[in-house]
1. For each pair in LYS259/LYS352; LYS570/LYS608; LYS221/LYS359; LYS357/LYS608; LYS428/LYS563, compute the distance between the two Cα atoms and list the pairs where it is over 28 Å.
2. How far apart, in nm, are the 7 Å Cα→Cβ label points at LYS367 and THR593?
3. Can you tell me which aspartates and glutamates have their Cα less than 20 Å from the Cα of LYS276? Leave out same-chain residues fewer than eight positions away.
4. Please work out the FRET efficiency for the pair GLU197 and ASP288, using the Cβ-Cβ distance as r and a Förster radius of 41 Å; give the result to the nearest 0.05.
5. In nm, to one decimal, how far is the modelled label at THR505 from the one at VAL82, with both set 7 Å along Cα→Cβ?
6. Can you give me the distance in nm between label points at LEU96 and SER567, each placed 7 Å from the Cα along the Cα-to-Cβ direction?
7. If I take R0 = 22 Å and measure r between the Cβ atoms of LYS608 and ALA393 in this structure, what FRET efficiency does the formula 1/(1 + (r/R0)^6) give, to the nearest 0.05?
Amino acid sequence: MAIKEQPKPPRGRIIANILLAVSGIFLLINLFLPNLFASGPAGVPYSLFIHQVQEGEVTRVSVGQNQILYQLKNENGEPGSVFATTPIFDLELPKLLESKGVEFAATPPPKNSWFSTVIGWVVPPLIFVAIWQFFVARGAGGGGPQGVLSIGKSKAKVYVEGESAKITFADVAGVEEAKTELVEIVEFLKSPSRFIEIGARIPKGVLLVGPPGTGKTLLAKAVAGEAGVAFFSISGSEFVELFVGVGSSRVRDLFEQAKKQAPCIIFIDELDAIGKSRSSNGFYGGNDEREQTLNQLLTEMDGFAAGDATVIVLAATNRPEVLDPALLRPGRFDRQVLVDRPDLSGREAILKIHSLKVKLGTDVDLKAIATRTPGFAGADLANLVNEAALLAARNQRLTVAQEDFAEAIERVVAGLEKKSRVLNETEKKIVAYHEVGHAMVGALMPGSGRVEKISIIPRGMAALGYTLQLPTEDRFLMNEEELRGQIATLLGGRSAEEVVFGTITTGASNDLQRATDLAERMVTTYGMSKVLGPLAYQQGQQPMYLGNGAGNPRRMVSEDTAKAIDSEVKEIVETAHEYALEILRLNRDLLTTITTQLLETEVIEGDKLHSLLSQVQHLDKAATV
Ligand code: ADP
Ligand code: MG
Ligand code: ZN
């Protein structure tokens, strides 16, 4: 809606200009109108008129506001031709006329002339004043309750203590380190004086960093809930849609409101939307609005001194690397709290929290569910519980069963089933071979999880088919052999297409991307290349969740080293590719057998799948992986 209001200021200005022009015309008309109409009788100089009066040549005079009309006597002394002259302020005139016996009278000003006078002299200034006040009111950013006048107002949502759904740390699980750090913030908010008296500096800004859905927003609310203070929340992306000047005034309003309610928390979600490094916006040619907003934020954060008012600014981002360094300076967001994806016990705890809201069957084993959901963030787990409950309801069950969870996991993993998406027969065959290729190679690889399911029912937006490999445990360390095995598994799909059809389709692009990223990390991060040795060629420490290495900055390396890295990565991927091809060639018949079954049933899983895959033969030279 803010966007719709955008054209208004220029329109207002145009209206103002039109009014200005109109009133100008009024003024001109007012000045010249009398003279235009004075063109009736011949005009004579006032001095001549006076002379004529003194000479007794004038018989009648009519004094108007804008002109004097007078009649001369003709030769017979009778009223003759009429002349006009422009009056001057002459108090002697009546006396003179009287003394000469001239008949004289004042003409009342014509009605429309009076009217135009009022319009011309009174109304335009009034309009001016009105317009002027309008702009002044608006420039000050204050004013009316709604509409144009309130666009500058902060739209922060406020949650105040005592609201029905009060969120506390008990609602957040699996992020224990983050909680420990934030407990301290709660203490600051509860009894700031204790810290101020001892001379400690209360942190102003705390940045919550972590992947989406890990509970950053939830943690911020929990801090407010625990401390029992007001919570102002606004999202960085809301600033970006605004037009120039509004973003910064919103920041100003937000901080003003907050200071009135101190102690309180301001929460800025998606900080990266406003806080992008000011030097990194080359592509967009600079975004003045965002810069102004960012500058205002920095100013406000510098503005409140310690002890002034306990306002703590929490912010969240999943892209800390793009933030302007100015934001991270002392006195601003100098504390950073990592909110990472939960581990096994964390997932179990989160599942416990969310399953309190649903009726669980007696067979539900939350630990088993947690084991099967590595990489799930808190939001995924919340979604999982809800999906399971929906499935149970759809199946007319009164409680949620373990099998509902099993199905829900698949849904969350791969998106909802989309049976409506139809592949033609050829495509279906290619997808089937592709997936079976993944499964067969994966079945032989060390350290990779058991293949639990192959499906050619399209799910979600991306996958046409999928192979579900479930790890038996959370893995934190992998050796070189296992990584090479993963790469071979990723290439298994494409290799099957090659073995069977001799051609390659576009379906494997995501597999190739992931395989290449893995190989690159082996060389540049894990030091697994014999040629390049145990050196880290990647700059700094990149948390794992920041993507699979695509676009990560490399260390400045010499051209030779860069070439060596490229050739090593290529070598690893090629070797894995060859390996996958050989496995599939060796098991060519089994490949067709399993694929034929898959085409019939669309899904193969469980024991049936295990027994099929157990027939896959190892290469004799498997040791040389
Ligand atoms: P983020 O802000 O990090 O993207 P949110 O805080 O918005 O994630 O999380 C969305 C929802 O997911 C929460 O409202 C909550 O229901 C659930 N959730 C996320 N993380 C957790 C967690 N650590 N513990 C419990 N629930 C969580
Ligand atoms: Mg959030
Ligand atoms: Zn694939």
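The numbers here are math on the coordinates, done by the rules we state, and not lab data. Here the structure is a predicted model, which means the values were calculated and not measured. With ideal geometry, Cβ positions are generated from the backbone for all residues, glycine too; neighbour counts draw on all protein chains shown.
1. Beyond 28 Å: LYS259/LYS352; LYS570/LYS608; LYS357/LYS608; LYS428/LYS563.
2. 3.8
3. The reachable aspartates and glutamates, counting only those whose Cα sits under 20 Å from LYS276, are GLU238, GLU241, ASP288, GLU289, GLU291, GLU300, ASP302, GLU321, ASP324, ASP334.
4. Details: r = 44 Å, r/R0 = 1.06.
E(calc), rounded to 0.05, equals 0.40.
5. Each label point lies 7 Å from its Cα, and together they span 10.1 nm.
6. Placing both labels 7 Å beyond Cα along the Cβ direction yields 11.6 nm.
7. E between LYS608 and ALA393, to the nearest 0.05, is 0.15.
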